[in-house]
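Engineer: Take this structure first; my questions come after.
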Amino acid sequence: MLTWLTDNASDLALDSRRLAVAGDCAGATMATALTLMAKQRGGPRMRAQPLYYPTTAPHCDTASRSHFGSGYLLTTKALDWYWQQYTDDDRELAEATAAPLRPPRPPSARAAPSSRRLSLTGSESGS
């Protein structure tokens, strides 16, 4: 799709030199995978890559995951279940396209656009 988009950019009134890819949650993981694959395969360069709460590492054992793992809408149990929907094969979860933060980045991906995590959260107060 990305190659088709750049090949047909002029017909679509797009500037193929100013591509960006974005996503939230699993979509952010897919946006990251697309950017990595484009870089590895010599595809189009992304100018921006905004990621909103990306799911980038299975088996995450951070303090925040422990602290916020229950009592909120997205629980640790639910996160584990979502990762199992990707695959239950740890070798596949080690692939950069499934979990971009866990494996070492291949040399061909080091020049991928930098990304900054933007986490938007909110809560309603009774007042």
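Only the coordinates and a few stated rules stand behind these numbers; no lab work does. Quick caveat, the model's predicted, so the values are computed rather than measured. Counting neighbours? That spans all protein chains shown, and the Cβs are built from the backbone with ideal geometry, glycine included.
Engineer: Rounded, prolate or oblate: which fits segment 6-80, taking a ≥ b ≥ c as square roots of the Cα gyration tensor eigenvalues, rounded meaning a/c under 1.5, else prolate when a/b beats b/c?
Structural biologist: Prolate shape, in that a/c is at least 1.5 and a/b is the bigger ratio.
Engineer: If each residue of separation counts as 0.36 nm, what is the full-extension length gain between His59 and Arg18 once their alpha-carbon separation is subtracted?
Structural biologist: Fully extending the segment from His59 to Arg18 adds 11.3 nm.
Engineer: Using a basic spin-label model with each label point 7 Å from the Cα along Cα→Cβ, how many nm lie between Arg47 and Met1?
Structural biologist: If labels sit at Arg47 and Met1, their model points lie 2.1 nm apart.
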